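Coordinate-derived values only; no laboratory data. It should be emphasised that the depicted structure is a prediction, and the values quoted were computed from it without experimental measurement. Here the Cβ positions follow ideal geometry from the backbone for every residue, glycine too, while neighbour counts run over all protein chains shown.
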Amino acid sequence: MIFDNISALLKRISHACIRAGRNPDEAYLVAVTKTVGIDEVREAFDAGLRVFGENRVQEAADKIRHFKEYPGITWHFIGTLQKNKARKAVELFNVIESVDSMELLEKIDTCAGQMGKVQGIFIQVKLSGEESKHGIMVENLSHLVQRAEELDNVKLEGLMTIPPYYDDADKVRPYFRRLREIRDELQNTGHGVEGLSMGMSNDFEVAIEEGATHVRIGTAIFGERDY
């Protein structure tokens with residue numbers, strides 16, 4: 001089932017890229033493995049996936065260590081990160097996608113420096129008024145981007161957002177478009193921000209049409225899960 005799901009998803013990603021006039025190689029599938037067991041992750045790896053995402057540091061630890069020797073595998077942290085978990089996250093993950101404050105950014109840089117590592121990060125941007133959604137407000141973003149680019153032990157790879165959920169994926173399009181516009185505005189003012197992590201199982205095609213470079217997909221690969 002997992003192999004078939006991934007095959008179908010990769011086709012849909014490719015078609016969405018083509019509709020948008022983009023190269024299909026520009027969009028990465030991040031397989032979200034929250035609550036997923038070792039066997040299912042291995043099956044996804046065997047099906048060709050190399051980028052995996054986890055929401056919780058502690059849950060991810062054993063899983064990441066199990067796959068440590070697998071060639072080409074990378075792990076993204078995509079959940080809310082508390083400062084007291086930053087050191088462990090830096091130790092485990094190749095990329096932290098949910099940097100949303102100066103304090104967290106500085107903590108990650110300090111931990112990465114102590115480990116002799118350059119930590120990949122995305123800055124999470126809040127585009128909706130939902131209290132449950134995290135992220136830095138747009139008006140404060142450029143200052144955080146500038147600081148990230150000044151630090152020696154982090155590499156800013158892009159922006160991330162989590163929009164409101166709608167059954168009609170097209171209603172989410174304005175949020176994805178806005179993040180792309182913000183990225184483009186940053187580039188036009190000299191910042192080297194490239195990636196856009198946005199879109200999940202229900203709306204990833206719309207996200208890709210609006211410029212997503214990373215789509216975070218769990219349910220459409222592994223099925224419904226009890227969280």
(message) Sequence gap at least 6, Cα distance under 8 Å: using those rules, report the relative contact order of the chain to the nearest whole percent.
(response) 20 percent
(message) As an exercise, identify the GluC sites (Glu not before Pro) in the range 161-227 lying in DSSP coil whose Cβ has no more than 13 other Cβ atoms within 10 Å.
(response) GLU194, GLU224
(request) Take the alpha carbon gyration tensor of the range 31-100, find the square roots of its eigenvalues, order them as a ≥ b ≥ c, and report rounded if a/c is under 1.5; if not, report prolate when a/b exceeds b/c, else oblate. (result) prolate
(message) Under the rule of at least 5 residues apart or a separate chain, name every residue whose amide H is placed under 5 Å from the amide H of LYS133.
(response) none
(message) Can you classify the range 2-222 as rounded, prolate or oblate using the Cα gyration tensor, where a ≥ b ≥ c are the square roots of its eigenvalues, rounded means a/c under 1.5, and otherwise it's prolate if a/b beats b/c and oblate if not?
(response) oblate
(request) Only helical DSSP H runs with n ≥ 4 go in: add -39500 (n - 2.57) per run for the chain, normalise by residue count and round the 222 nm mean residue ellipticity to 500 deg cm²/dmol. (result) -12500 deg cm²/dmol
(message) Just to verify a number: FRET efficiency for SER128 and MET102, C-beta to C-beta distance, R0 = 22 Å, to 0.05?
(response) 0.50
(message) At 7 Å along Cα-to-Cβ for each site, give me the label-to-label distance between GLU149 and GLU181 in nm.
(response) 2.1 nm
(request) For each pair in LYS63/LYS133; LYS11/LYS63; LYS11/LYS85; LYS117/LYS171; LYS11/LYS83; LYS107/LYS171, compute the distance between the two Cα atoms and list the pairs where it is over 30 Å. (result) LYS11/LYS85; LYS117/LYS171; LYS11/LYS83; LYS107/LYS171
(request) State the extension gain, in nm to one decimal, for the chain segment bounded by LYS83 and TYR70, taking 0.36 nm per residue of separation less the distance between their alpha-carbons. (result) 1.8 nm
(request) Pick out, from PHE77, ALA89, GLY211, the residue whose Cα sits farthest towards the positive end of the charge dipole of the chain, with +1 on the Cβ of Lys and Arg and -1 on the Cβ of Asp and Glu. (result) ALA89
(request) Quick one: net charge around LYS107, please, counting Lys, Arg +1 and Asp, Glu -1 for every other residue with C-beta under 15 Å from its C-beta. (result) 0
(message) Between ASN202 and ARG56, what's the calculated FRET efficiency when r is the beta-carbon distance and R0 is 25 Å? Round to 0.05.
(response) 0.70
(request) Apply 1/(1 + (r/R0)^6) to the Cβ-Cβ distance of VAL118 and LEU10, taking R0 = 35 Å, and write down the FRET efficiency to the nearest 0.05. (result) 0.75
